[in-house]
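Single-structure report; data block below.
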Amino acid sequence: MRGESILDRVDWATISLYFVMVLLGWSSIYAAVYDEENAADLISLAYNPGKQLVWIGTALIIIIGVMSLDFKFYDYSGFIIYGVVIVLLIAVLTTGTVVAGSKSWFQIGSFRLQPAEFAKFATALALAKYLGDVHVKFEEIKTQLIALAIMGVPMLLILLQGDAGSAMVFSSFLIVLFREGISPIYFILGFAFIILFILTLLVSKTVLFIATIVICVIMIGVSFKHPKRIIATVVLGVMVFVTVISVDFLMTNVLKPHQRSRVISLVNPDADPLGAGWNVTQSKIAIGSGGFFGKGFLDGTQTKFDFVPEQSTDFIFCTIGEEQGWIGSLVLISLFVVLLFRISAIAERQKSKFARIYGYGVLSVFFFHFAVNIAMTIGFFPVIGIPLPFFSYGGSSLWSFTILLFILIKLDSHRMQILMR
């Protein structure tokens, strides 16, 4: 193995997927802003396709940098990188620029940088550094709470910036904790909360309260010989009551007006069809109008006439759906599914705990972005400003996803050299 170069050890299948997706993403961005009148200028820095070419070029430099560093650097500096990003997240709260209602950007001239994007790989590294320590016992409550705190600090800081969508990404690291052995009860409670939240918006609170009381009484009657079950039932009943009551507070005092309207539009698409519901409605029309084979590259009418705002960023999937149809959408989804399986396979074959945990961190972030972005564009999830990896326009997101993936590829290329702690 010593005689092999790094080019012999890297996972070329995953690297190939990366470049295919980045190139397809650029062509989709080009299609999203295409206009016959400005076609000759689209690759200039005045338009998104031209800017994206610059981001792609700099991403190649980043790849070289990531792959050139000693693989042990990512283990040793996990907490340092995390700390630097936390400082940036704090700094942007005071010196950042407000964009789309969120104070999440540093702006220098025409250049903008979003620290929240880089917090994703920094958190993955910090989690892997902490949980990968041989002296840390994951089954201890203290360990699990510290892991949740590592996830929660950047989430809270990003929430303070007003970017609830980016903050939600950090909840995906629960997948890492699940892989390490955390109880599935956390996931069950999480899904139950989401369902209860939606029901609270659809059903009268009185009905929910009565239903909860009836169910609790039945459960207590069935479990009258088991005091622990009775206590658990009462606790769950109280939690349901608190959750139902807190929804109004959350909708009124926590969510911003545009976030609140997006949630309402998800539950009731006809509530504001010309306002909050416009993007999703037009996105679904665009995707549906593509049919089986699509209208053809650069021939999407919904795209050409700018019916869907933010089409080169958050709603890039509807450009593909309209112009490439069901077939093109299937190809895109298949590419992501293959990428997720590749990342999972890479994570599982690692010889070090640090690399395995980091691999699942990468998997978590990519899965969340992929699933939520597509769910947004077809109306299955509120619009929260989540980009589609490698396809949506944006330098910060492209750099972040590139670093996230290629650190894993670098660690994988040295998987036979077990990290000594």
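The values are calculated or read from the model by the stated rules, or taken from the named source; none is laboratory data. Quantities reported herein were computed from a predicted structural model and do not represent experimental measurements. Cβ coordinates were reconstructed from backbone atoms using ideal geometry, including for glycine residues, and neighbour counts include every protein chain displayed. Please note that ligands, DNA and RNA were not included when accessible areas were found on the heavy atoms of the full protein model with its side chains. Shrake-Rupley method; radii C 1.70, N 1.55, O 1.52, S 1.80 Å.
When segment 34-71 is filtered for residues that are polar (S, T, N, Q) and either crowded, with 17+ Cβ neighbours inside 10 Å or modelled with pLDDT of 90 or more (or both), the ones remaining, listed by number, are 48, 52, 58, 68. For the residues 201, 189, the requirement of being open to solvent by less than 90 Å² (accessible area, probe 1.4 Å), free of Cβ contacts under 8 Å to residues at least 24 places away in the same chain and assigned to a helix (DSSP H, G or I) singles out 189. Residue count for segment 318-332, restricted to those that are without any contact (Cβ under 8 Å) to a residue 40 or more places away in the chain and open to solvent by 10 Å² or more (accessible area, probe 1.4 Å): 6. Here is the figure for segment 376-412: residues that are open to solvent by 20 Å² or more (accessible area, probe 1.4 Å) and outside any loop (DSSP other than H, G, I, E, B) total 2.
If I ask for residues that are surrounded by 23 or more Cβ atoms within 10 Å (Cβ to Cβ) and either at pLDDT 90 or above or farther than 16 Å from residue 25 by Cα (or both), which ones from segment 301-315 would you list? Matches in segment 301-315: 302, 308.
Residues in segment 226-253 that are assigned to a helix (DSSP H, G or I) and modelled with pLDDT under 80 were compared, and the one that is farthest from residue 212 (Cα to Cα) is 253. Could you check segment 152-171 and list, in sequence order, the residues that are in contact with a Ser or Thr (Cβ under 7 Å, 6 or more places away or on another chain), at pLDDT 90 or above and open to solvent by 10 Å² or more (accessible area, probe 1.4 Å)? Scanning segment 152-171 gives no hits.
Only one of the numbered conditions (1) of a type outside the set (Val, Ile, Thr); (2) without any contact (Cβ under 8 Å) to a residue 40 or more places away in the chain; (3) assigned to a loop (DSSP other than H, G, I, E, B); (4) touching a Phe, Trp or Tyr at 6+ places or on another chain (Cβ under 6 Å) is not met by residue 296, and that is (4). Of the residues contained in segment 59-80, none is found to be free of Cβ contacts under 8 Å to residues at least 12 places away in the same chain, assigned to a helix (DSSP H, G or I) and charged (D, E, K, R). When segment 97-108 is limited to residues that are open to solvent by 60 Å² or more (accessible area, probe 1.4 Å), part of a strand (DSSP E or B) and not β-branched (Val, Ile, Thr), the one that is nearest to residue 155 (Cα to Cα) turns out to be 103. When 143, 94 are checked against the criterion of being open to solvent by less than 60 Å² (accessible area, probe 1.4 Å), free of Cβ contacts under 8 Å to residues at least 24 places away in the same chain and in a helix (DSSP H, G or I), 143 stands alone in meeting it.
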